[in-house]
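These notes concern the structure reproduced below.
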Amino acid sequence: MSQPTSRKVAVIAFGANLVVCALIGTSLLLIRAPSGTANTAVPTPSPSTPTASTPTESEPAPTTPTQSKPTSEPTPTDNYQGVSGPGGVVTKIPRGWQAKVRAGKTDTQATDPAEPTSFLRYGGSPSPSQPLIDVMRNAERNFSTQYPGYKLIALRPETWREHESVTWTFEFDTADGRKHVDSVYWRAGQNDYVLYASALAKNWPAMQEIYTTAHDAAQP
């Protein structure tokens, strides 16, 4: 049997080497990709930067500012207190006003401690036999002769809360200045009642609210 030439040996060795390399390459592919295809390396994503809508743990979630409720302002009635006077009359006067039954009279006077020329009077007494309007006309006539600068603004009969009533509004001069008076007289049952507000004319705008509140609260 003839010996293989060196050329044949070299060809055989080269072929065997190709087969071995192919086997090694296939094995490496199988190891890297079990599914039979090579995976492309995917970079691991870095943590995303937090946005305003997704705060981190070190940045507390923004909360909707809680609007503080405004302190409720006192209503006009909070500044008044209920009182009663002679004859069973009831009404309201400003808190802190000094109230005292006038000596020898049938009404109580509540005076503004900051302005003694401003006051309310309220009271009641048994009704006389004359109609209320006649009683008030006589009172108005007598008053007008005693105080200088007297000016009648209104003296009219009315019906107030189904009661016979008379409104009397006037002004006159005093040593302290010109005064303004609003008053209402009404007859209920066997009594005549009065609510009388007096203040210097320059202070009347403030007194007007006080009189209105007392007027609305007056009973019976």
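The values are calculated or read from the model by the stated rules, or taken from the named source; none is laboratory data. If you're wondering where the values come from, they're calculated on a predicted model, not measured in any experiment. Neighbour counts run over all protein chains shown; Cβ positions are idealised from the backbone, glycine included. For accessibility, only protein heavy atoms count, side chains too; no ligands or nucleic acids. Shrake-Rupley method; radii C 1.70, N 1.55, O 1.52, S 1.80 Å.
The table below lists the values:
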{"item": "Net charge of neighbours whose Cβ lies under 14 Å from the Cβ of Arg161, counting Lys and Arg as +1 and Asp and Glu as -1", "result": "-3"}
{"item": "Per-residue HN-Hα couplings for the range 139-144 [Karplus 6.51, -1.76, 1.60; θ = phi - 60°; Hz; x = Gly/Pro]", "result": "5, 5, 5, 5, 5, 4"}
{"item": "Cα-only Debye scattering, the range 67-220: base-10 log of I(q)/I(0) at q = 0.18 Å⁻¹", "result": "-1.15"}
{"item": "Loop-resident sites, the range 87-191, for GluC sites (Glu not before Pro), counting at most 13 other Cβ within 10 Å (DSSP)", "result": "Glu162"}
{"item": "Solvent accessible area, Å² - Arg156, 1.4 Å probe, full protein context", "result": "110"}
{"item": "Taking the range 73-162 and dividing mean pair separation by its residue count, relative contact order in percent (alpha carbons under 8 Å, at least six apart)", "result": "19"}
{"item": "Among Gln130, Thr111, Tyr193 - extreme Cα towards positive end, dipole of the range 109-220, charges at beta-carbon", "result": "Gln130"}
{"item": "Accessible-area ranking of Thr174, Thr213, largest first, probe 1.4 Å", "result": "Thr174, Thr213"}
{"item": "Cα-based equivalent ellipsoid, the range 139-200: semi-axes from gyration tensor eigenvalues, Å", "result": "25, 11, 10"}
{"item": "Sequence-distant aspartates and glutamates (8 or more away, or on other chains) whose Cα lies within less than 20 Å of Lys151", "result": "Asp134, Glu140, Glu171, Asp173, Asp176, Asp182"}
{"item": "Karplus 3J(HN,Hα) series, Hz, for the range 85-100 with 6.51 cos²θ - 1.76 cosθ + 1.60 (x for Gly, Pro)", "result": "x, x, x, x, 5, 10, 6, 10, 10, x, 5, x, 6, 8, 10, 7"}
{"item": "Accessible surface ranking that places the most exposed of Asp216, Asp134, Asp182 first, with a 1.4 angstrom probe", "result": "Asp216, Asp134, Asp182"}
